[in-house]
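To start, the structure itself, in structure tokens.
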There are 2 protein chains.
Amino acid sequence: MPSKDIKQPKNLKISDIGEKKLIKRLLSRSRALQPNSPFFDDFYFKSLSDDAALIDLDDKYLVVTADLILESAHLPQDMSPKEKGMKVVTVNVSDLAAMGAKPIGFILSLGLPGDLPLDEFDEIMDGVLYSCQNYEIGLTGGDTNQSDELILSGTGLGVVDKKKVLMKDGASPGDVVAVTGPLGVAAAGFEFLLSPPPVKEVLKKNLKPSTLKLIKKHAIEPQARLNEGIMLADTGAVTSATDITDGLASEVGELVSASENGVGITLYETLIPIIPEVEEVAHALNKDPLDFALYYGEDFELLLTVEKDDFSHLKDQFGLYEVGVVTSSGKMEIVNKDGKTNLLESKGYQHFK
Amino acid sequence: MPSKDIKQPKNLKISDIGEKKLIKRLLSRSRALQPNSPFFDDFYFKSLSDDAALIDLDDKYLVVTADLILESAHLPQDMSPKEKGMKVVTVNVSDLAAMGAKPIGFILSLGLPGDLPLDEFDEIMDGVLYSCQNYEIGLTGGDTNQSDELILSGTGLGVVDKKKVLMKDGASPGDVVAVTGPLGVAAAGFEFLLSPPPVKEVLKKNLKPSTLKLIKKHAIEPQARLNEGIMLADTGAVTSATDITDGLASEVGELVSASENGVGITLYETLIPIIPEVEEVAHALNKDPLDFALYYGEDFELLLTVEKDDFSHLKDQFGLYEVGVVTSSGKMEIVNKDGKTNLLESKGYQHFK
């Protein structure tokens, strides 16, 4: 029984509309179905479309994030069981980092194929526990089930002072747009890992061993910027933030659409931090390294907007990279190397598309 | 790299050891890998093997539970999309109920097949929202992903006063063992729903329509005993509790193994609440209705131990059924109709077996 206030062509499938529209659809259905529920206030809706959900705990927010990882969709074959376990923790912790929250627990629900060797289960859990220790978060609970493929469903819990929480909305014209590290490195790694075997062989021959090692590590053992997120939230100078999981362009779009009408963001192509190793891989594949930074994700760096006056000392303290400016144009734009301004498409990795 | 302190035959698979041993294995690995972590204290381990995890929030516990539902493993074909959505909320809320916790939020991660009709997605979400409203819990966040089969991964969050929390341990010899409602009703429903078509036809002819309706409703639209859990925790007279998801025998085993050495439980066959409808179905299938109550789950009633002096007024207030007594035998026993005492096996539904 589709609700009558949402018009739609008949016989639509999930794959016809894509992940972000699906979430918007869910939000409007929640509101339509339960207009008088005390849970569904404006804050609730803001929180639902942010990196993690916020629940009121007096002077603090409980921050809750969930990420479901499916072997077939999210885990390259070259990943070891331990690395798979590490990744499910990192993707959740990264969402906590994006809100400036201190982790207080991690819950893991596992779907396990019945023929999974016990050794492999042990190694996955070693990875989970290793990452939990790394981020100083306890593995607090979970559930196990039999499934056809490996499923790692993680829930990260954190707390943050209400005054300090980092949200996707809040950017003001004039703020500096910045990122916490180089972009496109994980993209380069995945381009290598997901290449067909003959291409991979050529890349192995042509790329520097140190480049191969670096890009693979970024793709397979990404690190969440947890300490940076907590410390940046503490400064009070960050006006909005998110983590870069779907590519810079997509995340810039998130900040723009979460903010008040009229807020836009302009990026400067020459400022986007692309390391020589990423250029080397892009060159070898005859691709544009800028695309790796803009339209690919998985770097788990943070995207921030910062008050202009505070930026220079934060830049030094946290090694931030300025990549653009918040405008009042309402648009997403990018200024290319020749100084020409183009519209920036908010595309990135989306499920169901 | 399996840790050296856990001896095991080579080439074991997940299906060789079963769910409960898998969780014990994980617990001992956590302790072995991180002996000095501040997270892994005794309380942490107690909490990890309970219905939900507990996280310290000053005078309260944050209660966190996770349940992963896979269409192929957990959802009968006769279930409508709306009922599937309702179920993922109920299984999580039932774990909160078992700890006496008030729900504060529900997080849902969805795995969705790309060809899932959008109408069906809407109906699933209607079920989720309907149940959330029913239990007065907000749908606080989530994640969507493409997957081969429908996956509903829920996380329930609740809070409970530290002094009032209901745990699996705590039963003392002399306590009354009780349940909040009749058992085996969902089992009867699943026996019908999962019957091969010819058997189903016969059952449809031979069972009373009111029986069919009742057992199907219990299997397909189970209700968590949330208010009962919260109010029972408030009384301070409940010494231990869990929800009955895997059958009475299995859950009795959970209470016994969580308690101090020497605590046992004796059930009385004649006291176990089995309604005539369940007897009718068992009779039609030539099965023992007691098996439905003991070794099947999904009723989502609560199993409690209660101080003897408080039982009679709680019984009236909450409609409890006395089913046995806590002993100091260290054993699980059942007294049959003829007064003979037999050992009770702690078996029930287990994944991977």
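The values are calculated or read from the model by the stated rules, or taken from the named source; none is laboratory data. Just so we're clear, the structure is a prediction, and the values are computed from it rather than from any experiment. Every residue, glycine among them, receives a Cβ derived from its backbone with ideal geometry; neighbour counts consider all protein chains shown.
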Quiz prompt | Those residues of region A:63-74 which are more than 7 Å from every other protein chain (Cβ to nearest Cβ), out of contact with any Asp or Glu (no Cβ under 6 Å at 6 or more places or on another chain) and not β-branched (Val, Ile, Thr), in sequence order | solution = A:His74
Exercise. Could you tell me whether B:Lys216 is in a helix (DSSP H, G or I) and either of a type outside the set (Phe, Trp, Tyr) or under 20 Å from the mean Cα position of the chain (by Cα) (or both)?
Key: yes
Quiz prompt | Top-ranked residue of region A:92-106 - restricted to ones that are of a type outside the set (A, V, I, L, M) and more than 8 Å from chain B (Cβ to nearest Cβ), ranked as farthest from A:Asp51 (Cα to Cα) | solution = A:Phe106
Self-check item: In region B:121-155, the residues that are among the β-branched types (Val, Ile, Thr) and either in contact (Cβ under 8 Å) with a residue 40 or more places away in the chain or more than 19 Å from A:Gly154 (Cβ to Cβ) (or both)
Solution: B:Ile124, B:Val128, B:Ile137, B:Ile151, B:Thr155
Quiz item: When the residues of region B:180-200 are filtered to those that are in a loop (DSSP other than H, G, I, E, B) and modelled with pLDDT of 95 or more, which remaining residue is surrounded by the most Cβ atoms within 10 Å (Cβ to Cβ)?
Solution: B:Gly184
Quiz item: Among the candidates B:Asp309, B:Asp288, B:Asp246, which residue alone is acidic (Asp, Glu) and either outside the structural domain of B:Ser210 (by TED's automatic domain parsing) or over 28 Å from B:Ala101 (Cα atoms) (or both)?
Solution: B:Asp288
Quiz item: Quick one: which of A:Asp148, A:Asp143 is within 14 Å of another protein chain (Cβ to nearest Cβ) and either aromatic (Phe, Trp, Tyr) or surrounded by fewer than 21 Cβ atoms within 10 Å (Cβ to Cβ) (or both)?
Solution: A:Asp148
Quiz item: Does A:Asp175 fit the bill of being buried (at least 21 other Cβ atoms within 10 Å of the Cβ) and of a type in the set (Asp, Glu)?
Solution: yes
Practice problem: Could you tell me whether region B:82-91 includes any residue that is within 11 Å of chain A (Cβ to nearest Cβ), in contact (Cβ under 8 Å) with a residue 24 or more places away in the chain, of a type in the set (S, T, N, Q) and at negative phi? | Solution: no
Self-check item: Selection count, region B:100-123, where residues are buried (at least 24 other Cβ atoms within 10 Å of the Cβ) and touching a Pro at 6+ places or on another chain (Cβ under 9 Å)
Solution: 1
Quiz item: Is there a residue being aromatic (Phe, Trp, Tyr), modelled with pLDDT of 95 or more and under 29 Å from A:Met86 (Cα atoms) anywhere in region A:310-324?
Solution: yes
Practice problem: Those residues that are crowded, with 18+ Cβ neighbours inside 10 Å and more than 7 Å from every other protein chain (Cβ to nearest Cβ), I need them from region B:127-136; list them, please. | Solution: B:Gly127, B:Val128, B:Ser131, B:Cys132, B:Tyr135
Self-check item: Qualifying residues in region B:107-120 (those that are touching a residue at least 40 places away in the same chain (Cβ under 8 Å) and within 7 Å of chain A (Cβ to nearest Cβ)) - the one farthest from B:Gln146 (Cα to Cα)
Solution: B:Ile107
Quiz item: Can you tell which of B:Ser195, B:Ser240 is in contact with a strand residue (DSSP E or B) (Cβ under 8 Å, 6 or more places away or on another chain) and hydroxyl-bearing (Ser, Thr, Tyr)?
Solution: B:Ser240
Quiz prompt | B:Val177 touching a residue at least 24 places away in the same chain (Cβ under 8 Å) and either in a strand (DSSP E or B) or within 13 Å of chain A (Cβ to nearest Cβ) (or both) | solution = yes
Quiz item: Are any of the residues in region A:236-248 of a type outside the set (D, E, K, R), at pLDDT 95 or above and under 25 Å from A:Asp338 (Cβ atoms)?
Solution: yes
Practice problem: Answer yes or no as to whether B:Ser153 is in a strand (DSSP E or B), closer than 30 Å to B:Asp291 by Cα and facing chain A (nearest Cβ under 7 Å). | Solution: yes
Exercise. Taking only region B:126-155 into account, find how many residues are in contact with a Gly (Cβ under 6 Å, 6 or more places away or on another chain) and aliphatic (A, V, I, L, M).
Key: 2
